[in-house]
Each structure stands twice: as structure tokens, then as C-alpha cells.
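Single-structure report; data block below.
The values are calculated or read from the model by the stated rules, or taken from the named source; none is laboratory data. All values derive from a computational prediction rather than experimental measurement. We place every Cβ from the backbone using ideal geometry, glycine too, and count neighbours over all the protein chains shown.
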Amino acid sequence: MFEQASSDVTGGDSATEVIAVFDSGFGGLNILEALRDLLPFEHFIYLGDSKRSPYGDRDPSDVTQFSLEILRYLQANYRLKLVVVACNTASAIALERLKAESEVPIVGVIDAAVRAISRATQNSRVGVVGTVATIGSGVYQRRLAGQAVTAVACPGVVEYVEAGALDDPRLMELLQSLMGPIKEAEVDTLLLACTHYPYLGAQFREVLGEGVVLISSGEETAFEVRELLVDTEPTENNPEIRGKVEFLCTGSVVDFLEVGRRLFHGDLESVHHIEVGAQETTMVEQGASSWSQVGPREEKERVSGQAS
């Protein structure tokens, strides 16, 4: 889609600000879609930490470290307007640390999810499904204290989404085995407290039936971002302008393109490979100053739209 990685989003204008969205892999793509629908004139960076995905089975200290490394990378290489943590695990564990270190507003997905499920339930019996780390943090149980909450960790589910194996019969067997407590609690609303899970909406409906309302945080998060931008720095919405998106990943660009194109309902023509962490920090510190606030300083691998 673009000629040079450094000008994908900025168009050569170092003053252009971007909204960064990051996730452990592909789950945040549905958050990006909602943001693009609501804020089509904004420029976005999407960073999927696919090399270290999933976060849900990681030690909380690792999740915090990975999230901080990503924030530092984004702050060092882009002129940011706002950062969306499009990962429930990172939002549950690392959000406050990110806010303390960030130079720009940070938006997680938990507040939006809590608002959405609180409005949707009719009988105050709600289910929450998420990664081991998210459920183990207790954040949703605390935030939904006024409801009867049944929270279930779902280890192994994210891996099917990351692999693009949504039709694998073993996935249905896994969900059937995990959803027992949700069925027994007779919840009327289920919060998909992992941004990967909305891609499994049909599977959850097959297991639980049409009587259970499925809630995800995508649209609500997008509304929160728009309100925050209007409050802090009003942006003119020009219907003739369509913002650009640059996709970054830490893992295989070929895999990201293959799976990402199945999940993302938009243009995903190229992905740039980056390194974050100790290696990336060294590269940024030693990078040429001419890259400052324009784009990633190191040479990034570009895979054309013909890659499969």
C-alpha cells in the first residue's frame, strides 16, 4: 500500500500525530475496526506483539514489562496522540504503570466493557470469560461487584484465534468443556473479556444458545476514545479525508498477513516487522536523529500485498 515505512502514516509530515493501538497479537484488530469506523479521518498505528503472544498465560510481571516496552517503542518512534491498550490482559495488569509512564492519554478496554455489560444485563447475572491472567487479576469481579458474576478463565482459546483455526472441532470441544459454570449460573449476558474472543462469537452462541447476549468492548472503547479526543484536542472531521493505518508485528509477517486478512475487515496490504525490548531500545538510542518523531528508526521488513 505504501512506498516507505517511515511515511506510511505521516505522509512525510513529522508534525502528524497518530493513535497507536497495541495487542498481544490479532485480537485488537476488532478494536481498530471500531475506531476506524468512528474516527475514519484519524491516522493509526497497529502493533501486534505476535512473537510473545498470548499474554494471558504469562506472569503478570512479564505482561507489564512487555507493555512498557511497546509503549517506549511507540513513544520513541512516533508522534503519538493517544494509545489504546487493545488487550484485556495488559489492561487488567499494566494499565496504571502505562499511564504513569506515558506522555499521552492511555485508554484500556476494561472501563468500556464494564459499562457495556452493566447496560445489557436484565437479571444481573453476568458471565465473564477471559485469559487466565485477566480472570486471575479479579478486575472484572471487582468492577462488577453489583452483579452476580461468574468468571471463567479459558486457557488455550486465544491460540486458536492466533492460528486462524476458528473452525477446528477441537476448539468447540474446548469451549463446551469450559462453559459449564456459565451455563449453570443461568447468566443472561456474557462479557468476552479478551479482544480475541469476538472472533468466536458464533462458537460461543452455539455453545450457550441465542438467549445469552454477548458483549465485547470494541464500539464502547471507540466512543471513549472519541470523547477523550474531543475533550482534549478537538479534531475536524473531514468526510473527504481517510486516515491511514500502518501495521507492525514482532513475529512472522507472513503469518500476520495470512491470519490478519481473515479477521480484519479492512485493507491489510503490508505489515512491517519490528523488534521491541532490550534489542530495540539499544537501536532506538543509537538511531539517527533524522528519524525522530517520524517513524521507526530501524529498517523494517516489508511484505507486499502479494505475500500469502
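Here is how the numbers come out for the structure above:
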| item | result |
| --- | --- |
| Pair list, Cβ under 7 Å, 6 or more apart: the stretch 188-199 residue farther than 18 Å from Gly211 by Cα and touching a residue at least 40 places away in the same chain (Cβ under 8 Å), other residue assigned to a helix (DSSP H, G or I) and of a type in the set (Ser, Thr, Tyr) | Ala193/Thr134; Ala193/Tyr140; Cys194/Thr134 |
| Hey, Val253 at pLDDT below 90, surrounded by 14 or more Cβ atoms within 10 Å (Cβ to Cβ) and not aromatic (Phe, Trp, Tyr) or not | no |
| Members of the stretch 76-89 that are part of a helix (DSSP H, G or I) and either under 23 Å from Pro54 (Cα atoms) or touching a His at 6+ places or on another chain (Cβ under 9 Å) (or both) | Asn88, Thr89 |
| Residues of the stretch 56-65 that turn out to be touching a residue at least 40 places away in the same chain (Cβ under 8 Å), in a helix (DSSP H, G or I) and surrounded by 18 or more Cβ atoms within 10 Å (Cβ to Cβ), as a count | 1 |
| Number of positions in the stretch 109-159 that are more than 19 Å from Pro198 (Cβ to Cβ) and basic (Lys, Arg) | 3 |
| Which listed residue, of Arg119, Arg125, is without any contact (Cβ under 8 Å) to a residue 12 or more places away in the chain and under 13 Å from Leu191 (Cβ atoms) | Arg119 |
